[in-house]
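Participant: Below is a structure I'd like to ask you about.
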Amino acid sequence: MSLRKGLIAVVGIVLACGMGAAAATAQDQSQTAPAQDETLRKERIERMQERRERREQRQGIAGHREMGRHGGMGHRMRELNLTEQQLEQRRAIMERRVESTKVQREELFRLGEKRRAGTFTAEDEARAKTLHQELRSSMESVRSEMDAVLTSEQKAKLEQLENERKQDREQRREQRLKERQERLKNKPMSL
């Protein structure tokens with residue numbers, strides 16, 4: 001009998017210790033879950049910013065909508081045959097711009113999350129417009145800094161390339177307009 005009671009007591013102690021450890025683990029997990037969620041959110045934001053920065057560097061001058069599909073400033077800069085020194089200066093300008101606009105881009109990202117979550121307010125909309133304007137003015141200062149790096153021949157070549165790009169864009173716009181008019185003309189009228 002005493003062996004049986006002793007065995008039951010040992011099993012009870014082991015179970016109690018196991019339950020206490022499980023409860024402590026559950027409590028630790030419940031306390032660390034919000035911290036983990038915050039850490040994961042920060043990591044996701046950092047990854048998205050890194051991707052955005054890499055994309056901006058690939059495109060040449062960051063953040064301009066017209067740059068993506070059609071080459072943008074980065075493509076035109078490559079055609080200028082920049083010297084190694086000019087490329088270094090260009091990189092330094094871009095790095096300064098990326099670093100100086102980091103706070104605005106982070107805030108704009110948070111506002112985008114609010115918009116997707118459905119908690120976007122009129123004040124948030126006004127703030128987003130202000131941030132976009134700040135980023136645009138930063139972009140303009142980058143353009144003027146980049147111009148200062150170029151020689152007069154390179155500036156002339158860049159102007160020529162930009163004029164060609166504008167003409168191409170206008171031709172594409174006119175072509176789309178003609179195609180749209182053709183579709184409307186050939187579309188049967190419904191009553």
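Participant: For the stretch 70-191, which whole-number percentage of the solvent-accessible area (1.4 Å probe, protein heavy atoms only) is attributable to carbon and sulfur atoms?
Facilitator: Answer for the stretch 70-191: carbon and sulfur cover 50 percent of the accessible area.
Participant: If the cut-off is 21 Å between C-alpha atoms, which lysines fall inside it for K155, apart from same-chain ones fewer than 8 positions away?
Facilitator: Cα-Cα hits under 21 Å: K166.
Participant: Calculate one ³J(HN,Hα) per residue across the stretch 95-108 by plugging θ = phi - 60° into the Karplus curve 6.51 cos²θ - 1.76 cosθ + 1.60, and present them in order as whole Hz with x for glycine and proline.
Facilitator: The phi angles translate into 5, 4, 5, 4, 5, 6, 9, 4, 4, 5, 5, 4, 5, 5 Hz.
Participant: Related question: If I model the stretch 119-191 as equal point scatterers sitting on the Cα atoms and use the Debye formula, what is log10 I(q)/I(0) at q = 0.23, 0.27, 0.28 Å⁻¹?
Facilitator: -0.99, -1.12, -1.14
Participant: While we're here: Excluding residues fewer than 8 places away in the same chain, name every one of the aspartates and glutamates whose C-alpha is closer than 15 Å to that of K114.
Facilitator: Partners found: E106, E123, D124, E125.
Participant: What ranking do 148-159, 109-120 get when scored by the average of other Cβ atoms within 10 Å per residue, highest first?
Facilitator: Highest to lowest by the protection proxy: 148-159, 109-120.
Participant: Could you list, in their original order, any pairs among K102/K157; K42/K102; K102/K129 whose Cα atoms are separated by more than 22 Å? Please list the in-between numbers first.
Facilitator: Values: K102/K157 32 Å; K42/K102 14 Å; K102/K129 16 Å.
Exceeds cut-off: K102/K157.
The values are calculated or read from the model by the stated rules, or taken from the named source; none is laboratory data. Not measured: the values here are computed from a predicted model. We place every Cβ from the backbone using ideal geometry, glycine too, and count neighbours over all the protein chains shown. Just so you know, the surface numbers come from the protein's heavy atoms only, side chains and all, with ligands and any DNA or RNA stripped out. Shrake-Rupley method; radii C 1.70, N 1.55, O 1.52, S 1.80 Å.
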